[in-house]
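Structure first, commentary second.
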Amino acid sequence: MQSALPPLPQTRIQANLKLIKEMFIHAYDSYMYHGYPASEVKPITCQPASFSLVKIPGLTLIDSLDTLVILGNYTEFARAVERLRHLNDNVNEATGFYSTGGGMFNLNHNVSVFETNIRVLGGLLSAHQLANAFLEEECKQESLPKVACLNQTDKYWVYDGFLLELAQDIGDRLLPAFNTKTGIPYGTVNLIGGIPKDETTVASLAGGGTLSLEMELLGRLTGNKEYGRAAKLAARALWMRRSPRGLFGKHICTHRGEWHETLSGIGSNSDSFYEYLIKHHILFPEDDDFWPQLVAAYGGLHNESRQGEWYGDVDMKIGRSGHGAPRKVLEALMAFYPGMQTLLGEITPAARTLNSFFLVREYLGFLPERFHYGSWNVDSGGAKHLLRPELLESAYFLHRSSKGFQQQFRSGLNRSISDTSGWHWSGDFALHTIEKFARTECGYASLRDVSADTSGKMNADKKEVRLLNEMPSYFLSETLKYLYLLFDDKNILHTDEERDWIFTTEAHPIHH
């Protein structure tokens with residue numbers, strides 16, 4: 001038995017790690033010089049940009065804090081924490097936003113509960129735990145030479161728990177969203193006033209069911225059980241409203257508990273609900289109802305949505321019966337699913353599904369927002385590529401589960417390649433394609449449209465690919481992070497023997 005691909009050379013792996021660090025620095029510095037303290041930066045015009053769903057200052061910085069630690073840039077992490085401290089104390093002066101005092105979150109802004117939870121709360125909690133786990137202990141070891149401490153952080157800077165204070169502040173501001181008749185939260189909350197006037201009672205499955213990791217962890221770190229209680233109640237309230245086929249719709253009324261949209265699948269408005277069932281079980285196994293919920297939900301998807309190696313949306317009430325054949329549309333967000341299957345031990349179906357998704361990527365150069373795998377064409381209006389991480393996330397998890405497996409079928413033993421896998425090649429392709437087509441003067445830009453005739457051509461010209469003037473914060477917190485970890489088997493997360501880290505849906509590592 002032989003592998004289809006040889007191991008990626010170690011020289012290539014090291015070059016890739018160096019490139020990813022440089023890419024992160026380019027994107028991060030561009031944001032700090034041209035965007036901060038706005039939410040994001042426009043990578044083409046080098047101007048501040050606002051993320052409409054989370055109008056919170058310093059969003060990209062908060063989302064990137066843990067990536068700084070994972071890439072080993074501890075000194076910049078210390079600077080970033082102090083920048084946030086200054087921003088928290090001087091939000092009016094720094095941003096021009098009106099605040100009556102009370103910190104950087106005390107703003108009359110409406111924000112998405114889902115996005116604020118995964119980007120802001122998750123980013124703060126992860127950075128807090130990473131700082132406690134890795135930054136202080138290194139310099140406390142007297143046997144280390146002085147220069148080792150200077151490579152960690154400034155020897156006079158000690159992390160004091162400030163990020164947890166910010167996390168509790170934003171957590172308190174999210175709690176009013178859970179005040180509904182069902183316990184399923186509103187989709188939007190005002191950072192000062194609670195629920196906005198005339199706020200819709202319709203929420204998405206992912207919006208209501210992707211809160212338990214961050215909120216439960218916040219509760220355990222602060223001693224306030226209300227955070228976790230509210231988020232777990234929301235997940236259980238959604239579970240109670242599954243169909244007899246074990247399926248969930250995409251949108252639900254938070255007051256009546258009736259499904260507003262009965263389309264069911266693993267893509268948009270649904271994806272991370274399933275992800276958090278398994279991850280909550282792994283992180284907090286004492287909440288023993290999450291595992292049977294996951295098993296049943298996974299069975300429903302397997303029986304009703306799966307089409308060979310693909311997954312399509314079906315109606316939650318009729319599934320694939322009668323006129324309920326799944327839609328043959330792949331969404332970019334669906335690419336998380338093989339990674340979730342890997343956590344379940346479903347390695348073979350995960351690999352087959354991910355390889356099918358990669359066929360689309362090979363055909364177009366990038367994975368588009370939507371692709372019709374029945375007609376093998378980009379779905380109408382779905383040609384954008386928004387620098388999403390899900391494809392690389394699944395490649396990372398499959399690499400971690402299978403690295404070194406191919407080596408046992410080769411003659412001899414070369415320990416220098418014992419930690420490789422074929423998934424390295426998929427990451428290598430993605431890395432250099434992003435660098436070639438998406439790099440701009442001030443970061444990396446999303447692609448306006450991808451096609452077999454432009455981005456998918458062999459030796460395609462960058463001039464043929466049109467760009468969007470936006471760089472989502474998750475490009476730094478997820479896409480580059482998963483790429484780096486794919487190639488860095490000796491990363492602190494991988495060698496930590498004291499803690500088992502779990503990634504949130506925004507790729508923020510947390511532990512309990």
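The values are calculated or read from the model by the stated rules, or taken from the named source; none is laboratory data. Every value quoted in this text rests on a predicted model; they were computed, and no experiment measured them. Cβ: placed from backbone, ideal geometry, glycine included. Neighbour counts: every protein chain shown. In case anyone asks, the SASA skips ligands and DNA or RNA and just uses the protein heavy atoms, side chains included. Shrake-Rupley method; radii C 1.70, N 1.55, O 1.52, S 1.80 Å.
On the given criteria, is P285 assigned to a loop (DSSP other than H, G, I, E, B) and at pLDDT 95 or above?
Spelling it out, P285 is indeed assigned to a loop (DSSP other than H, G, I, E, B) and at pLDDT 95 or above.
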So, restricting to helices (runs of 4 or more DSSP H) that lie completely within segment 333-452, which ones have at least 2 residues that are over 27 Å from Q10 (Cα atoms), in contact with a helix residue (DSSP H, G or I) (Cβ under 8 Å, 6 or more places away or on another chain) and modelled with pLDDT of 95 or more? 337-343, 347-364
From the residues in segment 40-69 that are assigned to a loop (DSSP other than H, G, I, E, B) and open to solvent by 10 Å² or more (accessible area, probe 1.4 Å), which one is farthest from I434 (Cα to Cα)? K55
Quick one: in segment 483-508, which of the residues that are crowded, with 23+ Cβ neighbours inside 10 Å and of a type outside the set (A, V, I, L, M, F, W, C) is nearest to L8 (Cα to Cα)? Y484
Looking at (1) open to solvent by less than 30 Å² (accessible area, probe 1.4 Å); (2) in a helix (DSSP H, G or I), which is the only condition R85 fails? (1)
Quick one: in segment 287-314, of everything that is over 26 Å from L211 (Cβ atoms) and not polar (S, T, N, Q), which residue is surrounded by the fewest Cβ atoms within 10 Å (Cβ to Cβ)? G308
Grab the helices (runs of 4 or more DSSP H) fully contained in segment 158-255, keeping just those with 3 or more residues being in contact (Cβ under 8 Å) with a residue 40 or more places away in the chain and within 30 Å of R79 (Cβ to Cβ). 162-174, 212-222
